[in-house]
Structure formats: C-alpha cells, structure tokens
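K.L.:
Quick one: the structure is below, questions incoming.
What follows draws every value from the coordinates through simple rules; no lab data is involved. Since the structure is predicted, the reported quantities are computational estimates derived from the model, not experimental observations. Cβ sites come from the backbone with ideal geometry, for glycine too, and all protein chains shown count toward neighbours.
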Amino acid sequence: MDHARGNPARDKALTKGYAAASKGAAKVARFRLAVSFAKAVLDRRRELGLSQAEVAERSGLSQAKIARIESAASFPTLPLLRRLAVGLNASLNIAMDADREQITFTAHPAA
C-alpha cells in the first residue's frame with residue numbers, strides 16, 4: 001500500500017466540516033466589518049447633521065447607495081471609500097487584525 005498517496009475519500013470527509021466552518025467564519029468576519037463601517041458612516045453623518053441625500057450629493061453617490069452602506073447591505077470599494085470620506089469631510093481610518101476592526105472618520109479641521 002502506498003501511504004504517500006493517502007486516502008482521498010477519507011481526507012475529503014475530514015476536511016468537509018473544516019471548509020464549511022472556514023466559510024462560515026469568513027461570512028461572519030465580512031458581516032462584522034460591514035456593520036462596523038456602517039456604524040462609522042452613520043455616526044459621522046449624524047455628527048454633521050446631514051441626511052443620507054445630502055451625504056450622497058456631497059459624495060457623488062445615490063441616496064440608495066448610502067442607505068445600503070448604512071444598513072451593512074453593501075461594502076464599498078476603495079474609490080468609493082475615498083468619495084465617502086470627502087463627502088463626510090473627514091479622513092477614514094481603518095485598523096484590522098484577525099479578530100477585530102476599528103473604523104473611524106476623523107473630522108478635517110475647519111478651514
């Protein structure tokens with residue numbers, strides 16, 4: 001018997017649960033990140049006293065897009081993050097590691 005080849009059927013069965021757990025953990029991490037970002041956008045918008053429509057106009061986005069971001073139903077791309085930061089008159093700060101993330105907007109000084 002060639003032990004170097006292993007048992008593909010057994011190996012697949014053993015890793016099946018692990019793969020499902022990894023996918024589940026990745027979904028949870030993605031959702032947690034989306035919620036953290038949504039909260040940061042909402043907090044900054046409220047700090048400025050702006051409506052979603054006003055932030056959308058200042059960012060060059062639609063109000064519906066802002067609503068999706070604030071409800072954690074959408075996670076923006078890097079160019080969109082820049083547009084949001086400009087629209088919210090702030091710098092976007094993101095710190096992440098394996099089990100936590102911190103997302104904040106730091107207001108620009110008044111001109």
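K.L.:
As a test of understanding, state the convex hull volume per residue of the range 45-111 from its alpha carbons, in Å³. Walk me through the intermediate numbers first.
P.N.:
Numbers: hull volume 6.7 nm³, N = 67.
Looking at the range 45-111, the number lands at 101 Å³ per residue.
K.L.:
So, by mean Cβ neighbours within 10 angstrom, what's the order for 103-110, 32-39 with the highest one leading? Let's see the in-between values first.
P.N.:
Details: 103-110: 12.5, 32-39: 16.8.
Per-residue Cβ counts within 10 Å, averaged per peptide and sorted highest first, yield 32-39, 103-110.
K.L.:
For an R0 of 30 angstrom, estimate the FRET efficiency from the Cβ-Cβ distance between D99 and A67 and round to the nearest 0.05.
P.N.:
Values: r = 29 Å, r/R0 = 0.97.
Calculated transfer efficiency: 0.55.
K.L.:
On to the next question. Grab the Cα-Cα distance for S91 and V35, subtract it from 0.36 nm times how many residues apart they are, and report the gain in nm with one decimal. Please list the in-between numbers first.
P.N.:
Numbers: separation 56, 0.36 × 56 = 20.16 nm, distance 1.87 nm.
Length difference between fully extended and current span is 18.3 nm.
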